[in-house]
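A.B. asks: One structure, pasted below without further comment.
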Amino acid sequence: MLRWLRNVLSGAMNADLTAPADVAAPPADATLTPSGLAWKTLTAGTGDRPSAAANVTVHYSGWTTDGRLFDSSRRRGQPTSFPLNRVIKGWTEGLQLMQEGESARFWIPSNLAYGDNPGGGRPGGMLVFDVELLSFAEPPPPPEVPEDLQSPPAGSTRTASGLTKRVLKEGTGTQRPSARSAVTVHYSGWTLDGLMFDSSVVRGEPATFPLNRVIAGWTEGLQLMVEGEKARFWIPSNLAYGDNPGGGRPGGLLVFDVELLSIR
């Protein structure tokens, strides 16, 4: 009996792993978008469609056009979740066309996938995916640009290093982290021209890290806070990434809103 049940469950898990009959090329009833993405609905869904910033939960299987299965959440027996704007372009575009509960097949050209010869074990050329959109959650709206971005107001505290701090919300704890503590925070960061370059708030997930492995302004500033406190920091370039850091990192003086959620 148990062997029979295992066989049934195994068959259900692997039922969609055979390459589709139309894996080699999109059929005539597929829809082609201007980018070159082809897709067709396999099972209709209901409700809204996700935005590019949504966090989605899906089941999927992917094949090369010769019918080789190279990845499948169904084979692993567990759905996967990710921010939609952090995957290949074909997924970012394609899942925005879907409704919750919908299953669709996508023919994703190489320029919207990993390219023709990507290396690193990734599949090249056009890829075919069957995707079921199980659920999605939109991120909260981004925080507004601080009104005092350009100049710390009266009542702010400046340290000997040049770091400036303003308390936005008093904390509930009594302990402050040391430079060796691991902290969990929510934060958003801006350049002086109002560009928000990073935000755990927008991602909808706090960040945890050792306090001695971040920019010097964070290492110093977080040690001035207690749990539950929210503060704004004006961090000069010598305590951040410098004036011309390169690598996509922001230069000059940076402004961060940081909420210290926990210390360990």
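A.B. asks: Grab the other residues whose beta carbon is less than 10 angstrom from that of Gly252, score K and R as +1, D and E as -1, and report the net.
C.D. replies: Local charge sum for Gly252: -2.
A.B. asks: If you put +1 on each Lys and Arg Cβ and -1 on each Asp and Glu Cβ, how big is the dipole of the chain around its Cα centre, in Debye rounded to 20?
C.D. replies: Roughly 940 debye, rounded to the nearest 20.
A.B. asks: Could I ask something else about it? Assigning unit charges at the beta carbon (Lys, Arg +1; Asp, Glu -1) and nothing else, what dipole magnitude in debye, to the nearest 20, does the stretch 13-137 show about its Cα centre?
C.D. replies: 320
A.B. asks: Would you work out which of Trp63, Gln78, Ala38 lies farthest towards the positive end of the dipole of the stretch 13-137, given +1 charges on the beta-carbon of Lys and Arg and -1 on that of Asp and Glu, about the Cα centre?
C.D. replies: The residue sitting most towards the positive pole is Gln78.
A.B. asks: Given R₀ = 25 Å, what would the calculated FRET efficiency be for Asn111 paired with Glu147, taking r from the Cβ atoms and rounding to 0.05?
C.D. replies: My answer for the efficiency is 0.05.
A.B. asks: Separation of the stretch 112-181 and the stretch 244-264 by C-alpha centroid, Å?
C.D. replies: If we compute the Cα centre of each part, the gap is 9 Å.
A.B. asks: Please work out how much length the chain gains when fully extended from Arg203 to Ser35, using 0.36 nm per residue of separation minus the C-alpha to C-alpha distance, in nm with one decimal.
C.D. replies: Full extension of this stretch gives 57.8 nm more.
A.B. asks: After finding the eigenvalues of the alpha carbon gyration tensor for the chain, what semi-axes result from the square roots of 5 times each, listed largest first in whole Å?
C.D. replies: Largest first, the chain gives 46, 22, 17 Å.
A.B. asks: Test of understanding: what is the full-extension gain from Ala28 to Val214, defined as 0.36 nm times their sequence separation minus their Cα-Cα distance?
C.D. replies: My answer for the length gained is 61.6 nm.
A.B. asks: Kindly put Asp71, Asp116 in sequence by how many other C-beta atoms sit within 10 Å of each C-beta, fewest to most.
C.D. replies: Asp116, Asp71
A.B. asks: For Asp243 and Val87, compute 0.36 nm times the residue count separating them, minus their Cα-Cα distance, and round to one decimal in nm.
C.D. replies: 53.1 nm
A.B. asks: Please give the charge dipole size of the stretch 168-264, origin at the Cα centre, charges +1 on K and R Cβ atoms and -1 on D and E Cβ atoms. Round to the nearest 20 debye.
C.D. replies: Roughly 260 debye for the stretch 168-264.
Read the figures in this text as sums done on the coordinates, not as results from a lab. Since this is a predicted model, take the numbers as computed values, not measurements. As a convention, Cβ positions derive from the backbone with ideal geometry for all residues, glycine included, and neighbour counts pool all protein chains shown.
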